[in-house]
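In what follows, a structure is listed as structure tokens, so that the remarks can point back to it.
The values are calculated or read from the model by the stated rules, or taken from the named source; none is laboratory data. For clarity, every value in this text was computed on a predicted model and none was experimentally measured. Here the Cβ positions follow ideal geometry from the backbone for every residue, glycine too, while neighbour counts run over all protein chains shown.
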Amino acid sequence: MDYAPITTRGPSQFLAGLKIQGRVLGALIMREMLIRYGRENIGFLWLALEPMILTSGVMLMWTLLRHEAHGLVVAAFVLSGYMPLTLWRHISGHAVSCLRQNMPLMYHRQIRLADALIARALLEIAGTTAALIVVYTLARLAGFMQPYRDLGLLLAGWFFMAWFSFAVGLIFAAASERFEFVEKFIPPFQYLTLPIGGMFFMVAWLPSGMQKLALYVPTVHCFELFRAGVFGDTVQTYYDVGFILKCCLFTTAVGLFLVNQARQHIKFE
């Protein structure tokens, strides 16, 4: 009886593909950093410094003014709102014009349109995560907040916020190449969605009818997950991991399809 020879070509090709993809994303991230921040002054540090200054300033102001947050530590509530919000705004907002800015690179066979968007999102995630770590550490040392209660839930909320922001960014990037008004529409859209996004409230604070409506907003689940990790059992949180996972998968699929369709509409800058 003859047996087919055992081959490792498939796994080897997959690993080789991953290495190539890693090098492509690394090169795109370095290019993005140099274009945006240059080689002088503080460069990449500004990516983390900007959200640090904003969040620290608001935390300090609310603490000095003795704002109430339903019995929660104000500094912790502000951090659990502003940092995921910064992640959402930076990833989704900076996706606009990314395609046209990187279109000349598409002559390289190994680079795709989605790679440019992934690289830009990874850069924003790295900077905002660094800001979160620094602000949290300083707030803990200053005694403004207690240690986080559940690192797994905190990271899950951060991960889903980053993923959903990237998926929405794909749609923004593709739409901005088809319609000129989209680029100007996105900043107002981000501000108008602030009241319903989950930053300023927790679902448990809302009337029962409003709670059901709030849980249809994907970012609300991200904030609730993140705050469940920060506050633990001291607060009641409402989130559905299955729902936010489905939202991320569906939005990513739609975004990738639209990005692929947008290639013929991209104009060089």
Within segment 208-245, of all residues that are farther than 15 Å from residue 79 by Cβ and part of a loop (DSSP other than H, G, I, E, B), the one nearest to the chain's Cα centre (by Cα) is 217
Selection status of residue 227, out of contact with any Lys or Arg (no Cβ under 9 Å at 6 or more places or on another chain) and surrounded by fewer than 20 Cβ atoms within 10 Å (Cβ to Cβ) = no
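What about residue 126, is it under 20 Å from residue 89 (Cα atoms), surrounded by fewer than 20 Cβ atoms within 10 Å (Cβ to Cβ) and within 16 Å of the chain's Cα centre (by Cα)?
Values: under 20 Å from residue 89 (Cα atoms): yes; surrounded by fewer than 20 Cβ atoms within 10 Å (Cβ to Cβ): yes; within 16 Å of the chain's Cα centre (by Cα): yes.
Yes, satisfied.
State which residue is surrounded by the most Cβ atoms within 10 Å (Cβ to Cβ) when the search covers only segment 193-224 and only residues that are farther than 26 Å from residue 92 by Cα and small (Gly, Ala, Ser).
204
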Any residue in segment 97-114 that is buried (at least 16 other Cβ atoms within 10 Å of the Cβ), of a type in the set (A, V, I, L, M, F, W, C), modelled with pLDDT under 90 and part of a loop (DSSP other than H, G, I, E, B)?
-> yes
Within the set of pairs 6 or more residues apart or between chains, which connect a residue that is of a type in the set (Asp, Glu) inside segment 121-139 to a residue that is assigned to a helix (DSSP H, G or I) with Cβ atoms less than 8 Å apart?
-> 124/47; 124/87; 124/90; 124/91
Count of segment 55-93 residues which are assigned to a helix (DSSP H, G or I) and modelled with pLDDT of 75 or more | 20
Would you please list the contacts, defined by Cβ atoms under 6 Å and residues six or more apart or on different chains, that run from a residue in segment 143-167 that is closer than 24 Å to residue 71 by Cβ to a residue that is part of a loop (DSSP other than H, G, I, E, B)?
-> 145/73; 154/148
Single match in 164, 172, 160 (criterion: in contact with a Pro (Cβ under 6 Å, 6 or more places away or on another chain), within 29 Å of residue 20 (Cβ to Cβ) and at pLDDT 90 or above) | 164
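Residue-by-condition table, conditions (1) among the hydroxyl-bearing types (Ser, Thr, Tyr); (2) touching a Ser or Thr at 6+ places or on another chain (Cβ under 9 Å); (3) buried (at least 24 other Cβ atoms within 10 Å of the Cβ); (4) not in a helix (DSSP H, G or I):
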{"residue": "95", "(1), (2), (3), (4)": "no, yes, yes, yes"}
{"residue": "116", "(1), (2), (3), (4)": "no, no, yes, no"}
{"residue": "144", "(1), (2), (3), (4)": "no, yes, no, yes"}
{"residue": "157", "(1), (2), (3), (4)": "no, yes, yes, no"}
